[in-house]
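What follows is a short report on a single structure.
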Amino acid sequence: MDADIKCFVCKRLVPKKNLVREHITPRFLDKENPSGTVKVCRECSAFESQKQYLEYKTYSISKNKDPYKSFLEAMYELEILLGVSLPDTKLKSTMAKISFATAITAMETYLSDTFINRVASNDVLTRRCVETDPEFKNRKLDLSDIFKRKESLSQEVRNYLVDILFHNLAKVKMMYKSVLHIEFPKDLGVLYKAIETRHDIVHRGGKNKSGAIKPVMRDEVISLIVSLKSFTKCIEEQLSRSQASD
């Protein structure tokens with residue numbers, strides 16, 4: 001029988017079958033470990049993967065210095081693609097579906113990166129987020145951990161925000177209002193319906209809850225882009241006024 005082997009991360013002895021090889025450094029940078037890999041238990045491997053994914057998402061969001069500009073560029077690119085001549089109706093419908101889903105994703109990215117970058121770089125907004133979001137009211141805090149928790153609070157808030165689905169407009173609307181003091185337009189019916197359509201396209205192959213496929217036409221995407229531009233412009237104008245008054 002194979003002897004148990006120590007996990008490189010948690011240092012526990014685990015059966016060989018429960019170990020995986022993880023890449024850590026290029027071979028030429030680690031002379032003591034020429035293979036460039038270590039043996040890690042599956043639990044640690046999964047935990048580290050999730051941690052690295054969060055770090056990657058946080059990093060990519062921080063690099064989007066002008067989310068509104070990025071959003072408008074995405075809309076411009078979609079408008080150009082929608083103008084490309086395609087040989088048959090089926091391909092036109094496929095292009096419309098892809099463009100529709102991409103437009104909603106661009107909106108989600110704008111809402112996410114705008115909110116997270118502002119909160120993460122401002123102690124006042126970070127505090128306001130913690131004090132107003134119901135999620136943080138449910139998190140326990142032992143008095144003995146209060147200083148350690150304070151030191152890592154910004155990262156905890158950032159990790160929480162990165163995991164939020166920013167196409168959940170009902171939740172995001174409340175967050176923008178309570179933390180940034182930004183009011184969304186009153187009538188969001190068109191966007192709620194568009195988000196549902198995007199969900200069907202991405203997760204259900206274009207089928208709705210009843211199993212029927214609803215075709216998406218080019219004109220619907222163009223109309224959606226107009227609505228999204230109006231929506232984001234409303235937010236940007238309020239953000240500009242807020243910055244001017246600070």
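Here are a few things to note about the model shown:
- Taken about its Cα centre, the chain carries a charge dipole of roughly 640 debye when the Cβ of each Lys and Arg holds +1 and the Cβ of each Asp and Glu holds -1.
- Charge dipole (the chain, unit charges on Cβ, about Cα centre) - positive-most of F8, F147, I98: F8
- Size descriptor for the chain, Kirkwood hydrodynamic radius: 21.6 Å (Cα pairs only, one decimal).
- Relative to the dominant Cα principal axis of the chain, helix 67-82 is inclined by about 60°.
- In degrees, nearest ten, helix 42-62 long axis to first principal axis of the chain (Cα): 40 degrees
- Partner lysines for K16 [C-alpha distance under 20 Å; skip if fewer than 8 residues away on the same chain]: K6, K39
- Loop-resident trypsin sites (Lys or Arg not before Pro) (DSSP state other than H, G, I, E or B) in the stretch 134-225 with no more than 11 further Cβ atoms inside 10 Å of their Cβ: R139, K140, K186, K209.
- For the chain, the longest principal axis of the Cα atoms and the long axis of helix 218-245 meet at an angle of about 70 degrees.
- Dipole of the chain computed with +1 at Lys/Arg Cβ and -1 at Asp/Glu Cβ about the Cα centre; of C41, F71, S210, farthest Cα towards the positive end is C41.
- Counting all C-alpha pairs of the stretch 147-189, share separated by more than 15 Å (%): 55 percent
- Cleavage-rule hits (GluC sites (Glu not before Pro)) in the stretch 131-217: DSSP loop, at most 15 neighbouring Cβ within 10 angstrom: E183
Since every read-out is calculated from the coordinates, none of them should be taken as a lab result. Note that this is a predicted model, so its numbers are computed, not measured. A quick note on method: Cβ atoms are made from the backbone with ideal geometry, for glycine too, and the neighbour counts reach across all protein chains shown.
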